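Asks: Mind having a look at this structure? Questions to follow.
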Amino acid sequence: MTNLSAIVNTIETHAPSSLAFSNDPIGMQLGVTNTNKLENKKIRKCIVSLAPSKQAVVKCSQINADLLITHYPLLQFPIHKITDHLYYKLKLLLKENIFCFTVHTNLDCAENGINDTLAEIMGFKVVDIFEVNGIPFGRILKPPKEIILDQLLTLLLKRINAEKIKFVGNIDNPVSKILLVSENFGRSTIKWIKRASQRGVDTFLTGDLPQNIARYALEIGMKLICVQSYYLETPGFRRFSKILSLEFTDTEFIFFDSGKLWKLYPL
């Protein structure tokens, strides 16, 4: 039976912690970190879920899972109180002795991770890496043939099964170079959009962004495509679950889809 230490080491191989942003709380979120104790923790079943949702935690309990691996951290911000939904999730995880491990921006940036999986789904070639402070945070893509924004949006809707996509720019303008970043840059987004533009990127594909960044993109002529993170990140995390399944055949890895949060109206 696979021990937790082996799984943690394999995760480090596929998504090195050195690729994560400095303030990103990756790794063991709930459980022990002592090497000997990790080796003693046997993993028979593991839930792999994009979010540490209440549904994912309940599923862990229902199937007697030993481990929950998530993309979004269970504990992300400084915590002063443990109440309500967080109390319920922690109580259930602790009661059932279920460890929780997070693989976030390190998997976004990793080879064959979130960004690379999305590029493959789109059918576009990665022609360059877009680094942020020395970390390969984004991928620069080139379409296999000349396309306009309208064609790119149509293709994207079909490939990721999204309902709708927000965009900024002229729908008839050509697309030659795309910067794909599944995780947004936060407060530094304008800075990196400007740098991408200087490298010949004319289209920026990412998650949701605020109004001021959309306005900036419009004014410098950068086409902007914003997609719900669920659609951008689910394919790569599902792939990661399959990688672990192939690596550890005596442990059952179950991908749990908590579903998208945002709904569009009218339905």
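Asks: Before we move on, is Lys177 of a type in the set (D, E, K, R), touching a Phe, Trp or Tyr at 6+ places or on another chain (Cβ under 9 Å) and surrounded by 13 or more Cβ atoms within 10 Å (Cβ to Cβ)? I'd like the intermediate steps shown before the answer.
Replies: On the way: of a type in the set (D, E, K, R): yes; touching a Phe, Trp or Tyr at 6+ places or on another chain (Cβ under 9 Å): no; surrounded by 13 or more Cβ atoms within 10 Å (Cβ to Cβ): yes.
It is false that Lys177 is of a type in the set (D, E, K, R), touching a Phe, Trp or Tyr at 6+ places or on another chain (Cβ under 9 Å) and surrounded by 13 or more Cβ atoms within 10 Å (Cβ to Cβ).
Asks: Can you name the residue in the stretch 167-222 that is in contact with a Lys or Arg (Cβ under 6 Å, 6 or more places away or on another chain) and touching a residue at least 60 places away in the same chain (Cβ under 8 Å) and, of all such residues, is farthest from Gly236 (Cα to Cα)?
Replies: Val201
Residues are listed down the side, and each one gets a yes or a no for (1) at pLDDT below 95; (2) of a type in the set (A, V, I, L, M); (3) exposed (fewer than 15 other Cβ atoms within 10 Å of the Cβ):
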position: Asn36; (1), (2), (3): yes, no, yes
position: Ile43; (1), (2), (3): no, yes, no
position: Cys46; (1), (2), (3): no, no, no
position: Ser53; (1), (2), (3): no, no, no
position: Ile69; (1), (2), (3): no, yes, no
position: Pro73; (1), (2), (3): no, no, no
position: Pro78; (1), (2), (3): yes, no, yes
position: Ile98; (1), (2), (3): no, yes, no
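Asks: Sort out which residues of the stretch 93-114 are of a type in the set (A, V, I, L, M, F, W, C) and part of a loop (DSSP other than H, G, I, E, B), and write them in order of number. Full working, then the answer.
Replies: In the first step, residues of the stretch 93-114 are kept if they are of a type in the set (A, V, I, L, M, F, W, C); the result is 93-94, 98-101, 103, 107, 109-110, 114.
Once the filter is applied, which keeps residues that are of a type in the set (A, V, I, L, M, F, W, C) and part of a loop (DSSP other than H, G, I, E, B), the stretch 93-114 yields Ile98, Val103, Ala110.
Asks: Sticking with this one: Any chance the stretch 216-228 includes a residue that's in contact with a helix residue (DSSP H, G or I) (Cβ under 7 Å, 6 or more places away or on another chain) and farther than 20 Å from Ile171 by Cβ?
Replies: no
Asks: Sticking with this one: Restricting to the stretch 239-267, and then to whatever is touching a residue at least 24 places away in the same chain (Cβ under 8 Å) and charged (D, E, K, R), can you tell me which residue is surrounded by the most Cβ atoms within 10 Å (Cβ to Cβ)?
Replies: Result: Arg239.
Asks: Taking Arg187, is it of a type in the set (Lys, Arg), out of contact with any Phe, Trp or Tyr (no Cβ under 8 Å at 6 or more places or on another chain) and closer than 22 Å to Tyr72 by Cβ? Explain how you work it out, then say what you get.
Replies: Details: of a type in the set (Lys, Arg): yes; out of contact with any Phe, Trp or Tyr (no Cβ under 8 Å at 6 or more places or on another chain): yes; closer than 22 Å to Tyr72 by Cβ: yes.
It is true that Arg187 is of a type in the set (Lys, Arg), out of contact with any Phe, Trp or Tyr (no Cβ under 8 Å at 6 or more places or on another chain) and closer than 22 Å to Tyr72 by Cβ.
Asks: Go through (1) under 20 Å from Gly236 (Cα atoms); (2) surrounded by 19 or more Cβ atoms within 10 Å (Cβ to Cβ) for Arg159 and report which single condition fails.
Replies: (2)
Asks: I would also like to ask the following. I need the full set of residues from the stretch 9-34 which are under 18 Å from the mean Cα position of the chain (by Cα), buried (at least 17 other Cβ atoms within 10 Å of the Cβ) and of a type in the set (A, V, I, L, M), in order please.
Replies: Result: Ile11, Ala15, Leu19, Ala20, Ile26.
Asks: Any residue in the stretch 57-81 that's closer than 15 Å to Ser258 by Cα: show its pairings with residues that are among the polar types (S, T, N, Q) and modelled with pLDDT of 95 or more at Cβ separation under 7 Å, as long as the two are six or more apart or on different chains.
Replies: Close Cβ pairs (under 7 Å, with a partner that is among the polar types (S, T, N, Q) and modelled with pLDDT of 95 or more) amount to Leu68/Ser49; Thr70/Ser49; Thr70/Thr102; Pro73/Gln29; Pro73/Thr102; Leu74/Gln29; Leu74/Thr102.
The values are calculated or read from the model by the stated rules, or taken from the named source; none is laboratory data. No experiment lies behind these values; they were computed from the predicted model shown. Note that we place each Cβ from the backbone using ideal geometry, even for glycine, and neighbour counts take in every protein chain shown.
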